[in-house]
1. Of all residues being in a helix (DSSP H, G or I) and touching a strand residue (DSSP E or B) at 6+ places or on another chain (Cβ under 8 Å) in segment 57-107, which is farthest from residue 22 (Cα to Cα)? Just the residue, please.
2. Going through segment 13-25 one residue at a time, which ones are assigned to a helix (DSSP H, G or I) and within 31 Å of the chain's Cα centre (by Cα)?
3. I'd like to check something: does segment 29-38 contain any residue that is closer than 20 Å to residue 86 by Cα, more than 22 Å from the chain's Cα centre (by Cα) and modelled with pLDDT under 80?
4. Out of segment 33-67, which residues are closer than 17 Å to residue 14 by Cα, in contact (Cβ under 8 Å) with a residue 24 or more places away in the chain and either outside the structural domain of residue 14 (by TED's automatic domain parsing) or surrounded by 15 or more Cβ atoms within 10 Å (Cβ to Cβ) (or both)?
């Protein structure tokens with residue numbers, strides 16, 4: 001049998017007895033299915049959930065996951081490490097932001113910001129990892145006045 005036919009048989013077996021809990025441990029569950037059957041699979045998942053039953057779907061295909069699920073969990077070493085919505089995970093995902101200044105900058109003001117980690121700082125370029133809002137980071141960069149030199153403050157003489 002082709003991979004697509006094996007997938008179809010497995011899906012029919014999983015859905016045919018209408019279980020209260022459906023666990024689909026499939027690698028790329030719709031791979032090998034034609035587009036019509038892919039749509040039908042998605043409809044079956046939605047109907048099952050709408051009927052009040054629970055579906056656990058294992059997949060690393062994030063496009064497919066975000067089309068099918070309301071909530072998801074990430075499992076590492078056999079334990080659930082995160083449970084959230086797709087949008088919640090997107091908001092919490094670290095982003096890398098880089099600034100280029102005309103001269104060297106002190107990374108301390110950035111490092112002191114909540115949910116900001118300095119990845120690299122040299123020659124006026126600073127790379128930061130940010131989880132959450134970037135607004136405090138942008139305010140911090142603006143306060144450094146990118147057009148001026150950033151050495152220690154000069155003392156009046």
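The values are calculated or read from the model by the stated rules, or taken from the named source; none is laboratory data. Remember, it's a predicted structure, so these values are computed and weren't measured experimentally. Cβ: placed from backbone, ideal geometry, glycine included. Neighbour counts: every protein chain shown.
1. Step one: filter segment 57-107 for residues in a helix (DSSP H, G or I), giving 62-68, 86-92.
Now restrict to residues that are touching a strand residue (DSSP E or B) at 6+ places or on another chain (Cβ under 8 Å): 65, 68, 86, 89, 92.
Details: 65: 16, 68: 14, 86: 20, 89: 24, 92: 29 Å.
So, considering only residues that are in a helix (DSSP H, G or I) and touching a strand residue (DSSP E or B) at 6+ places or on another chain (Cβ under 8 Å), the one farthest from residue 22 (Cα to Cα) is 92.
2. 14, 15
3. Within segment 29-38, none of the residues are closer than 20 Å to residue 86 by Cα, more than 22 Å from the chain's Cα centre (by Cα) and modelled with pLDDT under 80.
4. 33, 37, 41, 42, 44, 48, 55, 57, 59
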